[in-house]
1. Could you run the Debye sum over the Cα atoms of the range 169-324, one equal point scatterer each and no solvent, and tell me log10 of I(q)/I(0) at q = 0.14 Å⁻¹, two decimals?
2. Return the ratio Rg/(2.2 N^0.38 Å) for the range 123-217, where Rg is computed over Cα atoms only.
3. With the crude spin-label approximation of a point 7 Å out along Cα→Cβ, what separation in nm comes out for Glu242 versus Ala296?
4. From Cα pairs below 8 angstrom and at least 6 apart in sequence, can you work out the relative contact order of the range 187-344, rounded to a whole percent?
5. Can you list the residues, at least 5 places off or on another chain, whose amide H is less than 5 Å from the amide H of Ser349, using H built in the peptide plane?
6. Give the relative contact order (percent, whole number) for the range 111-377; include only Cα pairs under 8 Å separated by 6+ residues.
7. Compute for the range 238-385: radius of gyration divided by Kirkwood radius, i.e. Rg/Rh, restricted to C-alpha atoms, rounded to two decimals.
Amino acid sequence: MEPDPDDIDQPLGRHCRSSGVWRRPRAGSIVFALCVLVIFAGSSAIALRDRSFQQPPEIADADAQAPEAEVSAGQTAGSSVGSSRTGSGPAVIQVDREALPHSNDIVIRDPAALNHDPRLAHLPDRSLIEETDFGPLPIRSAEGLRPFDAYARPWSGARGARIAIVVGGLGISQTGTQAAIEKLPEEITLAFAPQGNSLDRWMRTARQEGHEIILQVPLEPFDYSGDNHTRHMLLVNASARENREELHRVLARITNYTGVMNYQGARFTADEAATEALMQELGDRGLLFLDDGTSARSLTETVAARSGVPFAESDDVIDARPQRGPILEALDSLERVARARGFAVGVGSALDTTVNTVADWAREARKRGIELVPISAVAFDPERD
């Protein structure tokens with residue numbers, strides 16, 4: 001057959017001429033066309049609905065009013081709940097924890113989950129603060145949470161050789177305090193002196209760097225002559241009210257600490273009545289007591305257990321001789337104690353030599369399998385142990 005000259009304008013492979021023969025459509029084509037029609041009809045129905053696959057109008061309207069209803073209920077109960085909304089977005093429900101009523105329900109907590117988020121560790125937990133004329137004092141929360149629990153630095157929980165080092169005297173020297181916070185590993189516990197300056201600022205910096213902190217409390221030594229210039233010292237012959245007021249002045253200097261340690265105090269800690277009054281106050285407030293271990297006549301361990309106070313005692317003052325060699329010897333001795341007993345505690349001062357030596361030793365101690373832990377990790381806790 002001769003090709004039609006007009007075929008050059010037609011698509012390849014097709015003839016526009018009718019052969020005059022009618023062909024029956026295939027069954028598959030019919031089914032396919034019906035499927036396309038059904039899908040198109042269904043899509044159109046969904047698109048044209050006012051509330052496609054939504055809740056019935058009465059339920060949707062109730063949901064839209066729910067935030068307002070919750071706010072009204074909260075305001076009626078003492079304005080413990082607030083709300084804010086931006087445009088047509090979700091309502092943000094804000095709860096004032098302090099305004100909520102407390103119940104007598106027993107709350108079971110996982111101690112490992114009680115620690116502060118490290119990003120917020122410098123912010124005090126308002127439920128653990130008692131506002132007084134002396135300033136904010138630490139206190140147990142209505143649910144029984146203690147500052148000792150809330151402000152403790154987390155650790156591995158392993159039962160290998162553990163060493164807790166506490167470096168005290170922070171706040172006295174501004175440059176020394178800054179150097180201690182910057183150079184010492186975050187596992188080292190820092191103890192603040194109440195006579196220091198800018199303590200709240202340094203507390204926040206130390207907590208942001210990951211340190212657990214405690215507060216030093218001046219206690220009467222045997223050689224106290226009455227003209228000692230240490231402020232807020234607790235005295236054996238002072239009245240219970242006077243000592244309580246001096247203790248409150250010290251405790252109000254900063255927040256976010258797990259407990260206290262003695263500054264001097266050989267005479268005070270040898271007096272059972274004076275020590276009993278101190279421990280009772282610490283136990284009521286949920287604080288730890290660390291004895292620096294310098295007095296063989298101290299009654300703190302026995303009285304602390306009786307008063308429910310978490311307790312730890314130092315094995316050695318690492319910088320009794322403040323030179324690098326003797327400090328390293330003291331740290332080596334702590335390692336031997338830790339391997340034999342499971343843990344050891346050392347205390348020192350924020351001297352340049354002490355800080356630099358401890359920082360260098362800590363790097364090597366980890367390589368020898370020593371875990372550095374905060375003081376709370378090695379304290380005996382009568383409420384748990």
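1. Here log10 of I(q) over I(0) equals -0.69.
2. Details: Rg = 14.3 Å, N = 95, 2.2 N^0.38 = 12.4 Å.
Relative to the rule-of-thumb radius for its length, the range 123-217 sits at 1.15.
3. 3.1 nm
4. Values: 235 pairs, mean separation 27.8, N = 158.
Taking the mean separation of contacting Cα pairs over the length of the range 187-344, I get 18 percent.
5. Answer set, sorted by chain and number: Gly168, Asp319.
6. Contact order relative to length: 26 percent.
7. Values: Rg = 16.5 Å, Rh = 16.6 Å.
Radius of gyration over Kirkwood radius for the range 238-385 works out to 0.99.
The numbers here are math on the coordinates, done by the rules we state, and not lab data. Predicted model only: the values in this text are computed from it and were never measured. FYI the Cβ positions are ideal-geometry reconstructions off the backbone, even for glycines, and counts take in every protein chain you see.
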